[in-house]
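Just below is one structure, and these are the notes that go with it.
Throughout, read-outs are computed from the coordinates displayed, never taken from laboratory work. This structure is a prediction, so every number in the text was calculated from the model and none was measured. In this analysis, Cβ positions are derived from the backbone assuming ideal geometry, glycine residues included, and neighbour counts consider all displayed protein chains.
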C-alpha cells in the first residue's frame, strides 16, 4: 500500500480536461513539494511537474500541477491520445531519516 | 547527453543477495549537484524508491527495505551499485537507476530498467 493515495484509473475523451488527485499526510505533501511523473508503457518515467507546479522545459503547458494542504493534483487539458499513460505523484517524507514516497499510480485512458 | 545503464544477473535465487550496477555516461558521477537513486517496479504495479547516495557517501534508504539494502558509489568507474540481501519473490521487479538533482530535487535521467527475477 502506497504512502500517497491516487485513484487507480482516470479517463477522458480527446480535448477534455482531466484531473488526477494525490493525497498524503503532514510528513510528506503537507510539508514538502510534490512532483509528477508520466510513464508510457514499457518505458522509464518522465518528469512532468516539479515543486508542485513547475514544468520542465519541453513539457506542454497542457499539464499543470497544484497543491493544497496534504493533497495535490495534476490537470491535463486538451487531452490527446498520446497522454494515455500511468501518472505518479511523488513527495519527500520527513519521517524517520527521510525518504521519497510514490503514489500508487493512475492509469489514464483516452477514450 | 547523460545516460544511465543498469546491469545485473537477471535471475537470483531466494535468500541470496541481489547486486546491480548503474553505469553513468556523458557526465561525471562525482558532482555535488546530483545524487544517485535506485527505484523498482514490480510487474503491473507502482514505483517504489529504494534509496539514494551522494558522492560524499551519504545515503538514505526506504525504511521498509533499510535492513537489507546497501548502496555504494565508485567514482573511478562512474558507477553506483545496489545490494539487496535475503531476497524473496516479492523482490522480483524492474529495477531503475536514476539521477536526482540537488537544486530542484527531481529525477531527471533514468536508466532503461533491468528485470530482476527471484526464483529457484
Residue among B:64, B:56, B:85 that alone is facing chain A (nearest Cβ under 10 Å) and more than 22 Å from residue A:41 (Cα to Cα): B:64
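Quick grid of which residues meet (1) within 20 Å of residue B:94 (Cβ to Cβ); (2) more than 10 Å from chain B (Cβ to nearest Cβ):
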{"position": "A:14", "(1), (2)": "no, yes"}
{"position": "A:17", "(1), (2)": "no, yes"}
{"position": "A:30", "(1), (2)": "no, yes"}
{"position": "A:37", "(1), (2)": "yes, no"}
{"position": "A:43", "(1), (2)": "yes, no"}
{"position": "A:58", "(1), (2)": "no, yes"}
{"position": "A:94", "(1), (2)": "no, yes"}
{"position": "A:102", "(1), (2)": "yes, no"}
{"position": "A:107", "(1), (2)": "yes, yes"}
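Checking the structure you have, find out if any residue of region B:22-33 is within 14 Å of another protein chain (Cβ to nearest Cβ) and either closer than 23 Å to residue A:49 by Cβ or in contact (Cβ under 8 Å) with a residue 24 or more places away in the chain (or both). Walk me through it before giving the result.
First, the residues of region B:22-33 that are within 14 Å of another protein chain (Cβ to nearest Cβ): B:22.
From what's left, either closer than 23 Å to residue A:49 by Cβ or in contact (Cβ under 8 Å) with a residue 24 or more places away in the chain (or both): B:22.
Yes, because at least one residue in region B:22-33 is within 14 Å of another protein chain (Cβ to nearest Cβ) and either closer than 23 Å to residue A:49 by Cβ or in contact (Cβ under 8 Å) with a residue 24 or more places away in the chain (or both).
I'd like the full set of residues that are within 11 Å of chain B (Cβ to nearest Cβ) and in contact (Cβ under 8 Å) with a residue 12 or more places away in the chain, limited to region A:45-56. Write out each step before concluding.
Initial filter on region A:45-56 (within 11 Å of chain B (Cβ to nearest Cβ)): A:45-51, A:54, A:56.
Those that are within 11 Å of chain B (Cβ to nearest Cβ) and in contact (Cβ under 8 Å) with a residue 12 or more places away in the chain: A:45, A:47, A:48, A:49, A:50, A:51.
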Pairs returned, first residue in region A:91-106 that is on the phi > 0 side of the Ramachandran plot, second residue that is outside any loop (DSSP other than H, G, I, E, B), beta-carbon separation under 7 angstrom, 6 or more apart or interchain, are A:98/A:92; A:98/B:60; A:105/A:86; A:105/A:87; A:105/A:88
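Would region B:28-44 turn up any residue that is surrounded by fewer than 20 Cβ atoms within 10 Å (Cβ to Cβ), outside any loop (DSSP other than H, G, I, E, B) and in contact with a strand residue (DSSP E or B) (Cβ under 7 Å, 6 or more places away or on another chain)?
There is no residue in region B:28-44 that is surrounded by fewer than 20 Cβ atoms within 10 Å (Cβ to Cβ), outside any loop (DSSP other than H, G, I, E, B) and in contact with a strand residue (DSSP E or B) (Cβ under 7 Å, 6 or more places away or on another chain).
Quick check on this structure: which one of B:73, B:94 is away from chain A (no Cβ under 14 Å) and within 14 Å of the chain's Cα centre (by Cα)? If you could, list the steps in order and put the result at the bottom.
Values: B:94 fails: away from chain A (no Cβ under 14 Å).
Checking each option against the conditions leaves just B:73.
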Can you tell me which residues in region B:8-27 are in contact with a strand residue (DSSP E or B) (Cβ under 6 Å, 6 or more places away or on another chain) and closer than 15 Å to residue B:74 by Cα? B:19, B:20, B:21, B:22, B:23, B:24, B:25
Can you name the condition, by its number, that residue A:74 falls short on among (1) farther than 13 Å from residue A:29 by Cα; (2) surrounded by fewer than 21 Cβ atoms within 10 Å (Cβ to Cβ); (3) more than 10 Å from every other protein chain (Cβ to nearest Cβ)? (2)
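Out of region B:99-113, which residues are outside any loop (DSSP other than H, G, I, E, B) and more than 8 Å from chain A (Cβ to nearest Cβ)?
Applying the first criterion (outside any loop (DSSP other than H, G, I, E, B)) to region B:99-113 yields B:99-101, B:107-110.
Hits for region B:99-113 are B:99, B:100, B:101, B:109.
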Region B:52-86, residues that are buried (at least 19 other Cβ atoms within 10 Å of the Cβ) and touching a helix residue (DSSP H, G or I) at 6+ places or on another chain (Cβ under 8 Å): B:84
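What do you reckon, is residue B:2 in contact (Cβ under 8 Å) with a residue 24 or more places away in the chain and either crowded, with 22+ Cβ neighbours inside 10 Å or farther than 25 Å from residue A:6 by Cα (or both)? Show your work before the answer.
Details: in contact (Cβ under 8 Å) with a residue 24 or more places away in the chain: yes; either crowded, with 22+ Cβ neighbours inside 10 Å or farther than 25 Å from residue A:6 by Cα (or both): yes.
When the stated conditions are applied, residue B:2 passes them.
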